[in-house]
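A.B. asks: The structure under discussion is supplied below as structure tokens; questions concerning it will follow.
The values are calculated or read from the model by the stated rules, or taken from the named source; none is laboratory data. Quick caveat, the model's predicted, so the values are computed rather than measured. We place every Cβ from the backbone using ideal geometry, glycine too, and count neighbours over all the protein chains shown. Accessible surface areas use protein heavy atoms only, side chains included; no ligands, DNA or RNA. Shrake-Rupley method; radii C 1.70, N 1.55, O 1.52, S 1.80 Å.
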Amino acid sequence: MKKYISIALLAVMTLLTACNDYIDVMPKGQRVPTTLADYEAFMRNEYSANYLPSLQALYLINDKFVGANNCRNVDDLRTANYMWKEDRDRTSLNSSTEDMFDNGYGIISIMNTIIQAAPTTTQATQEEKNEVMAYAYAIRAFVYHYMVNFYADAYDPAKAASTSGVPLIYSGDLGTPYHQGTVQEVYEQIIADFNKAIELGVPEQSMTVIHPNRAAVEAGLARAYLSMREYDKALAHATEALDRHNDLFDWLGYYTENESRIKDPDNYNNITSPMSHTCVENLWFCSGQGNPNYPCADIDISVERASRFEEGDMKFLVRFKKYQSSTDTYYRGLLNGYYNYSGIATPEVYLIQAECYARTGKLDEAMKSLNKVRESRIHPDLYQAATASTEAEAIEKIRLTKDNELINTIIPFIDLKRYNAEGKYQRTLTKEFDGKTYSLRPDSHLWTMVFPANAINRPGNGTLTQNSK
């Protein structure tokens, strides 16, 4: 993707010259999309329209391992976030390009183009046009939720209307004007886009898993309202999503199939990731690491991070194993394949439902939703149902499972920012490295990521101001 906003809008133009399978070759070498199928095909180019990495967020919360030599000797954006270097100018380290910004606005540009063009496309009924536009509105909403949580402060009901957010762009045209919305404006757009998808009739069964279905849209609304601390609305939409799709993957069966490899201390051979496009848990699939066109290895995690998984967590045991290299001890990722790290799936929705029940005083229901997920993860020989007598106790247990379930996604980062901004359940992160204690305070500016310098210096047809440093 490109390095600043005006050029990010060229993403669709690139697609127009690449999609030979869908677009007729017009005179003078130009390929011009005309049918609904032409435009819908843009959504199927997964590298351009279905790939949203969030690596810097993973580094900041130390969910992705960085080796000791890199921490000591490398000065880059990754180590500035991983080592919590509050005095480092991250904008200078993020001078040219950054995946969340480039890919995020590339996806938004594609969805804007589809929304603009679909009404006048050919060879389609109005119902078919509405369906494709519904997908585009939903995907735009999902991406804006990631973008505003990555580059802006967490939503605070008392401050959102005056807190600077991210650029709001409504057209796929090159050079289109935009404005940098407040956090409140961005969330209003997110909610409006999800509701527009419902209004247009987003189907219960979508074309493919990379097209969000009705359950995914309901889950997206639940995710957004949770960020806004509107727990009654989040609960209602989470329940709507689970009423439509509530499957959980059989990790016991997968663990049993691979038990000999898991218990062999010398076996680090990769096995196929079950968290791919066909996983029964998926509501909307979006890649979040590697190249979505090719299978990739699971991410490595630190010994400290591994210690926070529950004993008997079969998903953890299948995915990670302790490994000693020449310089580091860490837990090596054991799976290879595709991962729904930037989409949405049923375990997250159960855990949103659990938190909302806890926030509204329904502790028994909260534990039922939490235990529904844990039953499918914790080995039966070690499983004990979680209970809670206070909201704080329930939230602590829900957070433990959610952080582990969604490791290597942006969601634990978003949740940490949300809890820190609320103040009630904020945390200071700490770690030891080379005999020194490092910490990340709840109010640190590092929680808000920096826009790439090129986006600030070459903002296109608008004005973009930095939200952090």
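A.B. asks: Looking at the stretch 443-461, is at least one residue modelled with pLDDT of 95 or more and of a type in the set (G, A, S)?
C.D. replies: Within the stretch 443-461 (the criterion being modelled with pLDDT of 95 or more and of a type in the set (G, A, S)), the answer is yes, since at least one residue qualifies.
A.B. asks: Working only within the stretch 430-469, note down all residues that are of a type in the set (S, T, Y), in contact with a Ser or Thr (Cβ under 6 Å, 6 or more places away or on another chain) and in contact (Cβ under 8 Å) with a residue 12 or more places away in the chain.
C.D. replies: S439, T448, S468
A.B. asks: If you don't mind, another one. Which pairs do you get when a residue that is under 20 Å from I139 (Cα atoms) and of a type in the set (S, T, N, Q), found in the stretch 265-283, comes within reach of a residue that is open to solvent by 50 Å² or more (accessible area, probe 1.4 Å) and in a loop (DSSP other than H, G, I, E, B), reach meaning Cβ atoms under 6 angstrom, with the pair 6+ apart or on two chains?
C.D. replies: Going by the 6 Å Cβ cut-off, the qualifying pairs are S276/Y338.
A.B. asks: Which of the residues spanning the stretch 168-188 are farther than 16 Å from G460 by Cα and either touching a strand residue (DSSP E or B) at 6+ places or on another chain (Cβ under 6 Å) or modelled with pLDDT under 95 (or both)? Break it down stepwise before answering.
C.D. replies: Here is the first cut: in the stretch 168-188, the residues farther than 16 Å from G460 by Cα are 182-188.
Answer for the stretch 168-188, where residues must be farther than 16 Å from G460 by Cα and either touching a strand residue (DSSP E or B) at 6+ places or on another chain (Cβ under 6 Å) or modelled with pLDDT under 95 (or both): T182, V183, V186.
A.B. asks: Does I299 satisfy the criteria of being at pLDDT 95 or above, closer than 24 Å to N50 by Cα and aliphatic (A, V, I, L, M)?
C.D. replies: Details: at pLDDT 95 or above: no; closer than 24 Å to N50 by Cα: yes; aliphatic (A, V, I, L, M): yes.
So I299 fails the test.
A.B. asks: Do we have any residue at all in the stretch 414-429 that's out of contact with any Gly (no Cβ under 7 Å at 6 or more places or on another chain), open to solvent by 10 Å² or more (accessible area, probe 1.4 Å), without any contact (Cβ under 8 Å) to a residue 60 or more places away in the chain and of a type in the set (G, A, S)?
C.D. replies: Checked the stretch 414-429: at least one residue is out of contact with any Gly (no Cβ under 7 Å at 6 or more places or on another chain), open to solvent by 10 Å² or more (accessible area, probe 1.4 Å), without any contact (Cβ under 8 Å) to a residue 60 or more places away in the chain and of a type in the set (G, A, S).
A.B. asks: While we're here: I need a count of the residues in the stretch 298-343 that are under 21 Å from L429 (Cα atoms) and not hydrophobic (A, V, I, L, M, F, W, C).
C.D. replies: 10
A.B. asks: I've got another one for you. Of the residues in the stretch 30-78, how many are surrounded by fewer than 19 Cβ atoms within 10 Å (Cβ to Cβ) and either under 18 Å from Q289 (Cα atoms) or without any contact (Cβ under 8 Å) to a residue 60 or more places away in the chain (or both)?
C.D. replies: From the stretch 30-78, those surrounded by fewer than 19 Cβ atoms within 10 Å (Cβ to Cβ) are 30-32, 34-35, 37, 41, 44, 46-47, 67-76; that's our starting set.
Imposing the further condition that a residue be either under 18 Å from Q289 (Cα atoms) or without any contact (Cβ under 8 Å) to a residue 60 or more places away in the chain (or both) reduces the set to 30-32, 41, 44, 46-47, 70, 73-76.
Residues that pass the stated criteria total 12.
A.B. asks: May I pose another question? Quick one: which residue in R88, R78, R31 is among the charged types (D, E, K, R), farther than 30 Å from Q426 by Cβ and at pLDDT 55 or above?
C.D. replies: Values: R88 fails: farther than 30 Å from Q426 by Cβ; R78 fails: farther than 30 Å from Q426 by Cβ.
Of R88, R78, R31, the one residue that is among the charged types (D, E, K, R), farther than 30 Å from Q426 by Cβ and at pLDDT 55 or above is R31.
A.B. asks: Can you confirm whether the stretch 269-288 contains a residue that is surrounded by 18 or more Cβ atoms within 10 Å (Cβ to Cβ), among the small types (G, A, S) and out of contact with any Gly (no Cβ under 9 Å at 6 or more places or on another chain)?
C.D. replies: no
A.B. asks: Provide a single number: the residues in the stretch 201-229 that are more than 15 Å from the chain's Cα centre (by Cα), crowded, with 19+ Cβ neighbours inside 10 Å and either of a type in the set (G, A, S) or in a loop (DSSP other than H, G, I, E, B) (or both).
C.D. replies: Total meeting the criteria: 7.
A.B. asks: What's the number of the only condition in (1) assigned to a strand (DSSP E or B); (2) touching a helix residue (DSSP H, G or I) at 6+ places or on another chain (Cβ under 7 Å); (3) polar (S, T, N, Q) that N467 fails to meet?
C.D. replies: Evaluating N467 over (1) assigned to a strand (DSSP E or B); (2) touching a helix residue (DSSP H, G or I) at 6+ places or on another chain (Cβ under 7 Å); (3) polar (S, T, N, Q) leaves (1) as the failure.
A.B. asks: Considering (1) in a helix (DSSP H, G or I); (2) in contact with a helix residue (DSSP H, G or I) (Cβ under 6 Å, 6 or more places away or on another chain); (3) hydrophobic (A, V, I, L, M, F, W, C), say which one V450 fails and leave the rest.
C.D. replies: It fails just one condition, (1).
A.B. asks: Can you tell me how many residues in the stretch 91-135 are at pLDDT below 95, of a type in the set (D, E, K, R) and open to solvent by less than 40 Å² (accessible area, probe 1.4 Å)?
C.D. replies: Summing the residues that are at pLDDT below 95, of a type in the set (D, E, K, R) and open to solvent by less than 40 Å² (accessible area, probe 1.4 Å) in the stretch 91-135 gives 2.
A.B. asks: Would you mention how many residues in the stretch 440-464 are within 24 Å of the chain's Cα centre (by Cα), loosely packed, with under 15 Cβ neighbours inside 10 Å and not charged (D, E, K, R)?
C.D. replies: So the count comes out to 1.
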